[in-house]
Protein chains: 2
Amino acid sequence: MAAPLHAFQAPKGTRDLYPIDAARRRFIMESWRSASIRHGFDEIDGPIFEHLDLYTVKSGEAIVSELFSFMREGGEKAYALRPEFTPTLARMYATKANSLPRPTKWFMAGPFFRAERPQRGRLREFLQWNVDLLGDDSPGADAEVIATCVSMLQAVGLTANDVRIKVNHRSALAQWLESRGLPAPRHAELMTLLDQKAKLPTGAFATGLAQFGFSPEQAEVFEKGIIRITVDERGPGGAPADSVIDMTFFSQAVTPLAHQLVAAGIIDWIDFDLSIVRGLAYYTGMVFEVHEAGGKERAIAGGGRYDHLIELFGGPPTPAVGFGMGDVVLALVLADKGLMPSDAALMEKAGLRPDVFVLSTGEPEADAQVRPLVAALRAAGLHARHSYKATKNVGKLLKDASDIRAKTAVIIDSATTALIKDFATGEQVGPLPLSEVGKALTAAP
Amino acid sequence: MAAPLHAFQAPKGTRDLYPIDAARRRFIMESWRSASIRHGFDEIDGPIFEHLDLYTVKSGEAIVSELFSFMREGGEKAYALRPEFTPTLARMYATKANSLPRPTKWFMAGPFFRAERPQRGRLREFLQWNVDLLGDDSPGADAEVIATCVSMLQAVGLTANDVRIKVNHRSALAQWLESRGLPAPRHAELMTLLDQKAKLPTGAFATGLAQFGFSPEQAEVFEKGIIRITVDERGPGGAPADSVIDMTFFSQAVTPLAHQLVAAGIIDWIDFDLSIVRGLAYYTGMVFEVHEAGGKERAIAGGGRYDHLIELFGGPPTPAVGFGMGDVVLALVLADKGLMPSDAALMEKAGLRPDVFVLSTGEPEADAQVRPLVAALRAAGLHARHSYKATKNVGKLLKDASDIRAKTAVIIDSATTALIKDFATGEQVGPLPLSEVGKALTAAP
């Protein structure tokens, strides 16, 4: 049967992971995982597809066009590939709320799907790390979640000069807007404008803000006026904002958080940025995004406090704060800054460097011992490889062993004995009995 | 908005993984991964959904009803959630065949999907481990793949008394059937009968075999007559089969494999079983299934040699052998035999046991140091936790630390000092300066 050609390509916006790609994925997944664990989060996960209704509960019908959705043949229910984790997390928390610890600290990392046009930094299938702290409404919880994010960025070599954590406070923004006479129903409209800032042509953002009664100077603060939070614990401040924007509400909301960010040792990473509001409607307090410092690429991560969401999914009133980070933008930023480990380092981090490469001097009785010895070494827990080539040239085989970065080579030189060569030291020991090779290798430091 | 109740449950046949479930998943995934790596396989992966056509190429239109398939809105192409990995692997190998090593040894472990009725041992979303060796047509390659499977089973505590590797040879069976006058076109029909053996009512199997000209004695060999492969390297044998079935073709095909299974040290795990043919049409040589020794549960794993499949996906002629193992039956077998690690052991294996629990003696100046110290310890790479409770009762907090199996507790007793308690030894050191706590903890053995 002749198959259509497209069957022989990965679907648009998805990835085939050959060994080096899989090692790169593992590097990112393990970096996410270990930062989570260091900060006391427990791993969870949910189904890769959910009832479609789970997503419309939170985001309305508009989200359906962004989803890969399907019906079970002959079935009555529609499903969708998960585009985000929060609804699953909310359902899982709501189901067991009574028996879960307070706070509950959960993370997960896995595949997600969006039926959007693939572009730089955005694929149809991607990985996302989710970190959530539920049942604690304190600024300490906000800071702990941000610190988990910073810790991961730091572990992969990024500094506060490479990336910035941009923080704002949704309820402070709402209070300030109300104090200037902007009624609550118009806030959502303004937030949408703020969230689209980066995508608007020059001038359009200021024009848009003018319609909400903002002066050009105030529009400039929203557009460029990032306010560094001072480390003197008096909370956020800074001349450019103070002069044109009343910071009272922001100071009240952000000062306790600033204290906690100082305690967490990450205040240097933080910018207070009035324009960061996050697109999603459900945030209630602190919101943040992680951006490359020079404004390159889309956001690396984003999140915030969502104190009403668990109720929406049938659970008890539960304060909650969390964030998500995708792998695609992160990998672009790491590559751009030369921080993606080399292929050899990735393979080693993924545990793929062979412990031992077994070869023989070529005599039939030595050759016959290669596979049994390899089997014995693997049974002893070692990553053991051997050559599949016909060549009996020991020099060539040793080069093959060194090319795949094996730590040692075992050269079987008779039916009963072998030599061990350590590639790190260049030392060679033996001949020793085949039965002692495993012990000699596992005893090595 | 009131949401339909089903939105608040995981879809039928899928799983919510709370922390202990995620730790159990990790235990299985890591067991798969480390057996693969010990045996020199490299990790790969592909998209979680593929073009629907990729599956019909191999399995025909009949497979469509078993798939979760969907269209992109307004799109022209149909997609399906992957039900198995082999077509993706074949596509990936075919695409890069010229630049890949010979042999190419690949493994992957991840989620797969079947739109079938969930039942014991079968879910709609499940995990599967795939191990494939391409470019080597030798019995050594067959044995290496089987050995990788056995090594994993052994690593989780299963023995040759718990599970059996049932091996047959498709081309030997075909040769024998032809020698008895059964034409090739009827072979597929017979294989379907053999593959359904376990599901047929008593008597129906023998009746079915009679239609192919088999005597009741021969039918009995197919039904019960497992033939132990003798370890004396003369290949498979055994009275029950010898007497009623001409073993010539099987001996020729299986003897070289038996030699390799002896060399791999796993001959004790192997039964030669004429009835194992595997349902899939594409196997060309050795086939095997892993079953619980008492016949409980579905097959734990299955695979074989498929020397023509890479060509079907547009690649060069490439011999190949591999197998797949799901997590659902494996977990049932492990639980049944008491081999699933305890919750505490699973959490420890998953790296979730805290290194340190930080508390204070309750004075405000000591309390103020809890979060900064926790942050510093996490920055030093430690898994550090602290209490979120209001209690200042040191005894209660130490009990909380011990309940979550923290290795140590740090008790901050002033603005500048702390004590360290080691739960394993019961020893307590200090007071020492807060700045030295991290060093003291990371220096510990």
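Remarks
- Residue within region B:341-356 that is at pLDDT 95 or above, surrounded by 14 or more Cβ atoms within 10 Å (Cβ to Cβ), more than 32 Å from the chain's Cα centre (by Cα) and more than 10 Å from chain A (Cβ to nearest Cβ) present: yes
- Taking region A:64-78 as the range and being buried (at least 18 other Cβ atoms within 10 Å of the Cβ) and either in contact with a Pro (Cβ under 6 Å, 6 or more places away or on another chain) or more than 9 Å from chain B (Cβ to nearest Cβ) (or both) as the test, only A:L67 passes.
- Residue within region A:371-392 that is surrounded by fewer than 22 Cβ atoms within 10 Å (Cβ to Cβ) and of a type in the set (S, T, N, Q) present: yes
- Top-ranked residue in region A:47-63 [being at the interface with chain B (Cβ under 7 Å from one of its Cβ atoms) and not in a helix (DSSP H, G or I); ranked as nearest to A:Q128 (Cα to Cα)]: A:I48
- Checked against (1) touching a Lys or Arg at 6+ places or on another chain (Cβ under 6 Å); (2) modelled with pLDDT under 95, B:R102 passes all but condition (1).
- Looking only at region B:126-142, and only at residues there that are surrounded by 21 or more Cβ atoms within 10 Å (Cβ to Cβ) and under 27 Å from A:L81 (Cα atoms), the one that is nearest to the chain's Cα centre (by Cα): B:W129
- Residue within region B:400-418 that is under 36 Å from the mean Cα position of the chain (by Cα) and at positive phi present: yes
- Just one of (1) more than 10 Å from every other protein chain (Cβ to nearest Cβ); (2) surrounded by fewer than 20 Cβ atoms within 10 Å (Cβ to Cβ) fails for B:P101. It is (1).
- Residues located in region A:359-379, provided they are more than 8 Å from chain B (Cβ to nearest Cβ) and closer than 26 Å to A:A22 by Cα: A:V374, A:L377
- Condition check for B:M152: farther than 23 Å from B:S251 by Cα and within 30 Å of the chain's Cα centre (by Cα): yes
- When A:A94, A:A90 are checked against the criterion of being farther than 22 Å from B:Y55 by Cβ, small (G, A, S) and within 22 Å of the chain's Cα centre (by Cα), a single residue qualifies: A:A90.
- Scanning region A:120-158 for residues that are touching a Phe, Trp or Tyr at 6+ places or on another chain (Cβ under 7 Å), in a loop (DSSP other than H, G, I, E, B) and more than 30 Å from A:K12 (Cβ to Cβ) turns up just one, A:D136.
- Pairs are defined by a Cβ separation below 7 Å, a sequence spacing of at least 6 or placement on different chains, a first member in region B:134-156 that is assigned by TED's automatic domain parsing to the domain that holds B:G315, and a second member that is of a type in the set (D, E); the pairs so defined are B:D137/B:D307.
Residues are listed down the side, and each one gets a yes or a no for (1) modelled with pLDDT of 80 or more; (2) assigned by TED's automatic domain parsing to the domain that holds B:V290; (3) under 26 Å from B:A219 (Cα atoms):
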residue	(1), (2), (3)
B:D232	no, yes, no
B:G237	no, yes, yes
B:I245	no, yes, yes
B:P256	yes, yes, no
B:V262	yes, yes, no
B:W269	yes, yes, yes
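- Selection of region B:27-39 for residues being surrounded by fewer than 23 Cβ atoms within 10 Å (Cβ to Cβ) and at the interface with another protein chain (Cβ under 7 Å from one of its Cβ atoms) yields only B:I37.
Here's the yes/no breakdown for (1) under 27 Å from A:L133 (Cα atoms); (2) small (G, A, S):
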| residue | (1), (2) |
| --- | --- |
| B:A376 | yes, yes |
| B:A380 | yes, yes |
| B:G395 | yes, yes |
| B:D413 | no, no |
| B:T425 | no, no |
| B:A443 | no, yes |
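- With respect to the conditions (1) surrounded by fewer than 22 Cβ atoms within 10 Å (Cβ to Cβ); (2) more than 14 Å from every other protein chain (Cβ to nearest Cβ), B:G322 falls short on a single one, namely (1).
- Scope region B:275-297; condition over 26 Å from B:A90 (Cα atoms) and either surrounded by fewer than 18 Cβ atoms within 10 Å (Cβ to Cβ) or hydroxyl-bearing (S, T, Y) (or both); matching residues: B:S275, B:A293, B:G294, B:G295, B:K296, B:E297
- Test: B:D162 is within 20 Å of A:L377 (Cα to Cα) and in the same structural domain as B:V277 (by TED's automatic domain parsing): no
- Positions within region B:271-289 being modelled with pLDDT under 90 and of a type in the set (D, E), in sequence order: B:D271, B:D273
- Among the candidates B:G395, B:G338, B:G381, residue that is at positive phi, among the small types (G, A, S) and not assigned by TED's automatic domain parsing to the domain that holds B:D21: B:G381
The values are calculated or read from the model by the stated rules, or taken from the named source; none is laboratory data. Everything numeric in this text was worked out from a predicted model, so none of it was measured. Cβ sites come from the backbone with ideal geometry, for glycine too, and all protein chains shown count toward neighbours.
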